[in-house]
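The values are calculated or read from the model by the stated rules, or taken from the named source; none is laboratory data. Please read these numbers as outputs of a predicted model, since none were measured by experiment. Virtual Cβ from ideal backbone geometry, glycine too; neighbours counted across all protein chains shown. Accessible surface is based on the protein model in full, side chains and every heavy atom, while ligands, DNA and RNA are left aside. Shrake-Rupley method; radii C 1.70, N 1.55, O 1.52, S 1.80 Å.
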Amino acid sequence: MTAVSPAAPRRTRPAPDRTLLLVLTFLATSALLLVSHNGELLGRLGNLGGLLRNPIVEAVVVSLFLANVLFAYLWRAAPWAKALVGLGSLLLVLPWAGQEDTSLLDLSIQIMIFAALALGLNIVVGLAGLLDLGYVAFFAVGAYLWGIFASPRFSEILRYYGENPGATNASTLAFGLFLTAVTAASMVYIRRQVVRPTRASTWSFALASFGLVAGLILTGRALLVLGASRAAGLATGIDANFFWLFLALSVLAAAIVGVLIGLPVLRLKGDYLALITLGLGEVIRVLANNLDLYSAGSQGITPIKSAAVPWFDRLAGALGFQPDQYYLLFLYVLVLVMIAIILMVNIRLDRSRIGRAWIAIRDDEVAAQAMGVPLVQTKLIAFATGASFAGVMGMIFAAKQTFISPESFNLFQSIGVLSMVILGGMGSFPGVILGAAVVTLLNLRILPGLGEATANLGLPQQVNPGQLQRLIFGVILVTMMLLRPEGLLPNRRRALELHHEEDQEDDSAKGSGPALTAGGGDVYSPGLAPQKEDERAGGAQ
Amino acid sequence: MDLATLLPFIVNVVVGGLVLGFVYAIIALGYTMVYGVLQLINFAHSEVFVTGAVVGFEVFRVLAPNPMNGYLKLLIALVAAMVVSGLLNVLIERLAYRPLRNAPRLVPLITAIGVSLILQDVLRVIEGFQGRFDLTYTLPEGFSGKFCSAESSCVALGNALRTVGIDLQLKDVILIVVGLVSLAVLNYLVGRTRLGKAIRAVAQDRVTAGLMGIDANRMISATFLIGGALGGISGVLFGIKFGTVNAYSGFDPGIIAFTAAVLGGIGSIPGAVLGGLVLGVIQNLIGVTNIFGGLLGIANLEAIDASYQRIGAFIVLVLILIFKPTGLLGKSNVEKV
């Protein structure tokens with residue numbers, strides 16, 4: 001990719017220093033946000049207050065405020081100003097405004113949850129080039145993991161097993177543990193011993209893994225049956241302090257599910273993979289819908305606990321928050337920390353050997369393999385990493401909503417996250433976060449606001465903007481792909497790549513967009529045979 | 001349990017599955033045509049097919065008071081659906097896929113998903129303006145009865161079928177006939193005509209076909225037209241089979257049909273049909289596992305009900321892609337569309 005970049009001349013000219021402008025914008029929008037979310041002050045402002053209360057105006061104010069953080073990233077300014085705007089906005093102004101209007105905190109948490117999801121999907125799609133349409137399944141894994149244990153569901157499961165113990169007793173537990181240990185050990189042993197797999201080794205490995213699954217099921221069942229006597233004590237689920245343990249477990253569980261799903265399907269080509277992941281995502285949703293004992297079916301699980309953190313509550317109280325806002329504020333800070341960690345992991349991974357391997361695979365699988373990149377392993381790591389982010393956020397989502405049902409995890413959600421990644425720019429971390437913010441704002445504030453505003457205009461219910469989410473997602477996907485496939489805040493490498501191809505085929509007066517002028521010629525360009533295209537997309541076959 | 005009661009039951013389930021399979025097969029043909037030529041999963045095909053179903057609904061609704069022959073109404077509905085869906089498909093290709101012909105493969109795929117979402121909402125809005133969401137087909141007189149019932153002249157045939165245990169509805173027979181006819185026409189079109197030859201040439205190698213004087217863009221448009229027309233037919237058949245359609249009901253049959261195309265070996269016309277029939281039967285069998293479970297006394301089977309049907313399709317898809325990615329009628333003897 002050493003083509004002359006169209007962006008190259010632009011970079012030679014330094015951007016003007018906008019420190020002052022940045023700080024001024026920050027102050028102005030913060031003031032606007034604080035005023036527009038202060039009910040008492042709005043009441044005194046009369047007409048102006050009414051205007052600021054308008055849902056669309058409010059959405060615009062919130063967007064303007066969030067744009068600050070974007071400016072801090074984009075503009076050339078003194079580091080202190082950037083830090084002030086970034087930290088000040090997220091740690092000071094948002095919680096402060098949220099004190100008056102809890103829905104603002106709620107919105108920020110949603111944005112950050114989706115930003116984390118988008119960052120996870122970005123690893124899979126943007127970096128490794130594997131189109132995953134069932135991403136929300138991992139989100140569901142995390143959500144249900146916490147949801148089942150931290151709600152009355154758990155005691156109901158225990159009660160069920162108490163009433164239907166079957167032949168289970170303490171020796172079943174012992175046998176289950178023994179089986180698990182033996183089979184796991186033999187799997188490791190076989191792995192170690194066998195250099196080149198033979199038929200016998202493959203079969204014995206399969207047998208051992210089957211035994212491992214059986215052992216785990218026996219152990220789990222025995223634990224449930226033996227714990228059934230405590231069902232009454234767990235009527236509202238397990239202790240809230242297990243939250244931290246489950247935070248780690250949800251990462252693990254989602255990563256394991258990611259590997260399990262990835263292992264059989266990663267050999268497939270790009271679009272087959274998309275279809276399979278879509279299917280598996282649906283399978284998880286159908287299971288959640290039908291395994292009534294564990295997931296309460298389509299009614300969903302409620303109420304789900306959140307963590308209990310007394311010192312944080314005291315701190316929040318001292319800062320003037322109401323007791324009913326404590327848990328939201330706590331989740332806000334938690335999500336903020338999580339996203340910081342995820343972002344850091346992302347950046348480190350991107351610069352690491354693994355990150356480069358991902359990009360190599362995305363660009364040309366065959367060449368990457370020839371250069372010694374282990375394909376399956378590298379793809380699995382991408383899948384598992386992306387999944388683990390989704391898992392942890394799923395758990396926080398469950399704690400925030402206190403209610404989860406299979407409806408929250410349908411295909412449409414996956415496509416929503418995908419459109420965030422695409423809107424922001426595949427492979428670009430700030431872009432993906434921007435995409436998540438834009439799409440979430442659009443979904444939760446702007447569209448409902450427009451819907452409310454147009455409700456009085458006598459517009460028919462069918463074209464109410466609040467209900468046109470699919471159309472808007474579709475338009476985002478199509479227009480971005482047609483006009484700006486590299487996204488709003490492109491990853492430089494990817495932008496070069498996408499435009500590199502264009503420069504090759506039509507380097508003349510066609511402008512910066514792709515070949516929209518659909519002449520017949522583009523098909524016959526020499527050297528662009530379809531076979532070659534297939535391999536570029538990463539076909540393993 | 002009792003074989004004498006079970007056997008006719010199984011026969012009926014299988015026959016019902018075959019009838020369903022014809023609908024899937026024709027949708028699958030739409031996927032397979034486009035995939036064969038462009039190597040693109042046309043996600044929007046499921047919406048093209050729903051458009052056909054909606055057009056069919058409108059035709060039947062408008063013609064309902066008209067005393068003309070029921071089969072004529074059906075023909076009008078089919079032709080209208082073919083025309084609308086075919087043109088829609090061509091339009092989609094022209095606006096959304098053609099500009100991306102040389103982009104990396106992920107790009108048109110994402111576009112296809114976007115187009116599919118857009119079409120869903122457009123359909124919903126259009127029908128919503130008339131205050132409709134679930135469109136219930138009002139079939140012409142007599143279409144809902146049994147095949148060869150007492151009044152008609154083919155009583156003997158009907159009785160013969162019933163003695164073997166096959167109990168067909170008239171609409172099932174219509175479905176099979178329409179399916180077979182369109183299959184035959186498609187086979188002729190692709191296998192015997194100049195157009196078909198050119199399409200196959202483009203599918204094989206677009207660049208070389210261009211050098212031989214074939215306008216690849218026109219051939220791709222033609223493929224989309226044919227695929228869309230097939231989608232229109234299958235939409236009407238789907239509406240007749242299931243009775244109701246809404247803007248979002250394309251997803252499930254779309255996925256199943258794509259599975260069928262992959263199962264048969266994507267790009268192959270007989271493969272798509274075979275895959276459709278197999279999946280139709282599998283789906284019908286999953287739908288009645290609870291009855292089997294009851295008959296055979298297996299409790300676990302009873303818990304599996306119709307909601308697991310789509311899981312069945314996905315599991316077939318996963319298995320086929322893992323173990324035989326070329327499909328049942330493997331690539332070596334595939335006649336590429």
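Some points to look at:
- Selected residue [within 12 Å of chain A (Cβ to nearest Cβ), more than 15 Å from the chain's Cα centre (by Cα) and of a type in the set (S, T, N, Q)] from B:Thr208, B:Thr244, B:Thr223: B:Thr208
- Some residue of the stretch A:392-402 being closer than 20 Å to A:Leu130 by Cβ, of a type outside the set (Gly, Ala, Ser), touching a residue at least 12 places away in the same chain (Cβ under 8 Å) and out of contact with any Asp or Glu (no Cβ under 9 Å at 6 or more places or on another chain): yes
- Criterion (open to solvent by 40 Å² or more (accessible area, probe 1.4 Å) and within 33 Å of the chain's Cα centre (by Cα)) met by exactly one of A:Leu207, A:Leu247, A:Leu216, A:Leu226: A:Leu216
- Of the residues contained in the stretch B:268-278, one or more are found to be open to solvent by less than 30 Å² (accessible area, probe 1.4 Å), polar (S, T, N, Q) and either under 16 Å from the mean Cα position of the chain (by Cα) or modelled with pLDDT under 70 (or both).
Per-residue answers, yes or no, for (1) of a type in the set (Gly, Ala, Ser); (2) in contact with an Asp or Glu (Cβ under 6 Å, 6 or more places away or on another chain); (3) crowded, with 17+ Cβ neighbours inside 10 Å; (4) at pLDDT 90 or above:
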site	(1), (2), (3), (4)
A:Ala143	yes, no, yes, yes
A:Trp146	no, no, yes, yes
A:Thr180	no, no, yes, yes
A:Gln193	no, no, no, no
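- The one condition in (1) part of a helix (DSSP H, G or I); (2) free of Cβ contacts under 8 Å to residues at least 12 places away in the same chain; (3) within 14 Å of another protein chain (Cβ to nearest Cβ) that B:Ala103 fails to fulfil: (1)
- Taking the conditions (1) surrounded by 22 or more Cβ atoms within 10 Å (Cβ to Cβ); (2) at pLDDT 85 or above in turn, A:His37 satisfies each one other than (2).
- Restricted to the stretch A:297-308, and to residues there that are part of a loop (DSSP other than H, G, I, E, B) and touching a helix residue (DSSP H, G or I) at 6+ places or on another chain (Cβ under 6 Å), the residue that is modelled with the highest pLDDT is A:Ile304.
- B:Thr138 falls short on exactly one of the conditions (1) away from chain A (no Cβ under 14 Å); (2) outside any loop (DSSP other than H, G, I, E, B); (3) not small (Gly, Ala, Ser), and that condition is (2).
- Boolean, B:Pro108 is touching a Phe, Trp or Tyr at 6+ places or on another chain (Cβ under 7 Å) and at the interface with chain A (Cβ under 8 Å from one of its Cβ atoms): yes
- Residue list for the stretch B:70-100, restricted to those being small (Gly, Ala, Ser) and either open to solvent by 70 Å² or more (accessible area, probe 1.4 Å) or away from every other protein chain (no Cβ under 14 Å) (or both): B:Gly70, B:Ala77, B:Ala80, B:Ala81, B:Ser85, B:Gly86
- The single condition among (1) under 27 Å from A:Gly487 (Cβ atoms); (2) under 30 Å from the mean Cα position of the chain (by Cα); (3) open to solvent by 50 Å² or more (accessible area, probe 1.4 Å); (4) at pLDDT 85 or above that A:Ile56 does not meet is (4).
- A:Tyr332 being more than 14 Å from every other protein chain (Cβ to nearest Cβ), assigned to a helix (DSSP H, G or I) and of a type outside the set (A, V, I, L, M, F, W, C): yes
- Look at the stretch B:262-286: where a residue is touching a residue at least 12 places away in the same chain (Cβ under 8 Å) and closer than 14 Å to B:Thr326 by Cα and a partner is open to solvent by 20 Å² or more (accessible area, probe 1.4 Å) and basic (Lys, Arg), sitting 6+ places away or on another chain with Cβ atoms under 7 Å, you get B:Gly265/B:Lys331; B:Gly267/B:Lys336.
- Flag if B:Ile199 is at pLDDT below 90 and either assigned to a loop (DSSP other than H, G, I, E, B) or in contact with a Ser or Thr (Cβ under 8 Å, 6 or more places away or on another chain) (or both): no
- For B:Val177, the test of being open to solvent by 50 Å² or more (accessible area, probe 1.4 Å) and not aromatic (Phe, Trp, Tyr) is passed.
- Per the conditions (1) open to solvent by less than 50 Å² (accessible area, probe 1.4 Å); (2) more than 25 Å from the chain's Cα centre (by Cα), the sole criterion not satisfied by A:Ile123 is (2).
- Residue check: A:Asn169 meets all listed conditions (1) polar (S, T, N, Q); (2) open to solvent by 30 Å² or more (accessible area, probe 1.4 Å); (3) within 14 Å of another protein chain (Cβ to nearest Cβ) but one, namely (3).
- Residue check for A:Val421: closer than 18 Å to A:Met480 by Cα and within 13 Å of the chain's Cα centre (by Cα): yes
- Test result for B:Gly239, at negative phi, of a type outside the set (A, V, I, L, M, F, W, C) and at pLDDT 90 or above: yes
- The condition of being within 14 Å of another protein chain (Cβ to nearest Cβ) and within 21 Å of the chain's Cα centre (by Cα) does not hold for B:Glu58.
- So B:Phe224, is it open to solvent by 10 Å² or more (accessible area, probe 1.4 Å), modelled with pLDDT of 90 or more and within 23 Å of B:Ser85 (Cα to Cα): no
Conditions (1) touching a Cys at 6+ places or on another chain (Cβ under 7 Å); (2) in a helix (DSSP H, G or I); (3) open to solvent by less than 40 Å² (accessible area, probe 1.4 Å); (4) in contact (Cβ under 8 Å) with a residue 40 or more places away in the chain, marked per residue:
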{"position": "B:Gln120", "(1), (2), (3), (4)": "no, yes, yes, yes"}
{"position": "B:Phe133", "(1), (2), (3), (4)": "no, no, no, yes"}
{"position": "B:Ile166", "(1), (2), (3), (4)": "no, no, yes, yes"}
{"position": "B:Val173", "(1), (2), (3), (4)": "no, yes, yes, no"}
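- Selection status of A:Ala232, open to solvent by less than 20 Å² (accessible area, probe 1.4 Å), in contact (Cβ under 8 Å) with a residue 24 or more places away in the chain and more than 14 Å from every other protein chain (Cβ to nearest Cβ): no
A quick yes/no check of all residues on (1) aromatic (Phe, Trp, Tyr); (2) within 14 Å of chain B (Cβ to nearest Cβ); (3) over 16 Å from A:Ala140 (Cα atoms):
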site: A:Gly211; (1), (2), (3): no, no, yes
site: A:Leu226; (1), (2), (3): no, no, yes
site: A:Thr236; (1), (2), (3): no, no, yes
site: A:Phe243; (1), (2), (3): yes, no, yes
site: A:Ala248; (1), (2), (3): no, no, no
site: A:Ile261; (1), (2), (3): no, yes, no
site: A:Leu266; (1), (2), (3): no, yes, yes
site: A:Val283; (1), (2), (3): no, yes, no
site: A:Val286; (1), (2), (3): no, yes, no
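- Test set (1) open to solvent by 60 Å² or more (accessible area, probe 1.4 Å); (2) out of contact with any Gly (no Cβ under 8 Å at 6 or more places or on another chain); (3) more than 23 Å from B:Ile256 (Cα to Cα); (4) touching a residue at least 40 places away in the same chain (Cβ under 8 Å) - A:Arg267 fails condition number: (3)
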